[in-house]
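Okay, structure first, notes after.
The values are calculated or read from the model by the stated rules, or taken from the named source; none is laboratory data. Computed from a predicted structure; not experimentally measured. All Cβ positions, glycine included, derive from the backbone under ideal geometry; neighbour counts span all protein chains shown. Heads up: the accessible areas ignore ligands, DNA and RNA and are worked out on the full protein's heavy atoms, side chains in. Shrake-Rupley method; radii C 1.70, N 1.55, O 1.52, S 1.80 Å.
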Amino acid sequence: MQGLHAVWIILLFALAGCTDRSFSPTVPEALTVGTSKTIFAATNRDSLQDGRFGSERADGISFLELTVSIPPKHQPGSLKFGYGNPDPVTEFTMAGRRSFEGEAAFSSRLRQELKEFPAGEQDVTVFVHGFNSTQAETAFRAAQLSHDLSIPGATVIYSWPSKGKALGYAYDGDSVLFARDGLELLLRQLRSSGAGRIVVVAHSMGGLLTMESLRQIEIKTPGWSARNLGGVVLMSPDLDVDVFKSQMERFAEVPQPFAIFVSQKDNILTLSQRLRGLHGRARLGNLNSIEDISDYPVEVVDTTAFSDEAESQHFVAATSPALLALLKGARETTKAFEKNQDGFRRILPGQIVVRDSAVAVALSGPPSSNR
């Protein structure tokens, strides 16, 4: 039955792949009904003639400013968007695109954006997407997450060349390796742009990309990550545990906080295990015990209890309304993304387990959970 379930997941993905997800028109009029959110982007996708960026790999990095219109009927945790004909009243809509000639122009505009925030909130959150993502979808997701959590400062996406197709898993895996240098370049560039703090948030296969990029930064410049990053968050990372441990060994000092959001009900990571022939071996994102990574100063946040009411079991932290409310309260009450993690653990309800350096927080689910 488990094998049949995996087949059904693949078939559903293949059917979803029939929709043309590569086209998302720019509709400036959307801002007359929606809430504007600026998303900065760095991408090594290929540039298309109509101004969009596709799935092929480009040699250089392009820098952009995207304006996303968040619909007035948006509910926390939900991400609804159209492709060829979006409805700005109910769907996330691309309202503007602007390209920069180079890093200097990008940095200048980013500094301008940061000055719009109070001195203590001039931070940059970098979102690194996962498998099967288009550039527009990544911008929409980053806008949704930053809006729902009221994250201060500027939001930047690193848009690496995902095929944007369910059957493009192998291509995306190679693209992750291709995209490492670009993410390193972006992080170093952001550090020189005057940001107060830089927090990296990576989802799924983006977790592998983030860890690989940070590993090579640490090899070149030991201690850079801890000195220059205000936190790392891996959400549902599609990452082998042994590979993760080898990457962590390269850190002279691990940036703090370093949080890993996991779920034992992550159907995509279960499929990832099966595709690799690892039926009984968890990925980092569906880890059920912190024993294997107990030597590292990380927070493992178990979101399994929120999976049933989340819009996506592979992205519970972004699609569970109850968990989003909980995380927003934790951030606002204790400033969870600062160096001191004790408040973060105190504010989140659930069982706390400490194993050497690692800390596991098993969250209590919402009252309406069907656990």
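Being open to solvent by 60 Å² or more (accessible area, probe 1.4 Å) and either assigned to a loop (DSSP other than H, G, I, E, B) or in contact with a strand residue (DSSP E or B) (Cβ under 9 Å, 6 or more places away or on another chain) (or both) is the filter; apply it to region 297-345 and report the residue that is modelled with the highest pLDDT. Ranking the candidates gives GLU311 first.
Among the conditions (1) acidic (Asp, Glu); (2) open to solvent by 50 Å² or more (accessible area, probe 1.4 Å); (3) assigned to a strand (DSSP E or B); (4) out of contact with any Pro (no Cβ under 8 Å at 6 or more places or on another chain), GLU56 misses just one, which is (4). From the residues in region 244-289 that are free of Cβ contacts under 8 Å to residues at least 60 places away in the same chain, hydrophobic (A, V, I, L, M, F, W, C) and over 17 Å from HIS203 (Cβ atoms), which one is most open to solvent (accessible area, probe 1.4 Å)? Among those residues, the one meeting the criterion is ALA252.
May I ask you to verify whether GLY51 is at pLDDT below 95 and closer than 29 Å to ALA170 by Cα? It is true that GLY51 is at pLDDT below 95 and closer than 29 Å to ALA170 by Cα. State yes or no: is LYS165 farther than 22 Å from ALA317 by Cα, open to solvent by 20 Å² or more (accessible area, probe 1.4 Å) and part of a loop (DSSP other than H, G, I, E, B)? When the stated conditions are applied, LYS165 passes them.
Filter region 36-47 down to the residues that are open to solvent by 50 Å² or more (accessible area, probe 1.4 Å) and in contact with an Asp or Glu (Cβ under 9 Å, 6 or more places away or on another chain) and list them by number.
Just the residues of region 36-47 that are open to solvent by 50 Å² or more (accessible area, probe 1.4 Å), to begin with: 36, 47.
The answer is none; no residue qualifies.
Within region 100-121, being free of Cβ contacts under 8 Å to residues at least 24 places away in the same chain, closer than 16 Å to GLN189 by Cβ and not small (Gly, Ala, Ser) holds for GLU101, GLN112.
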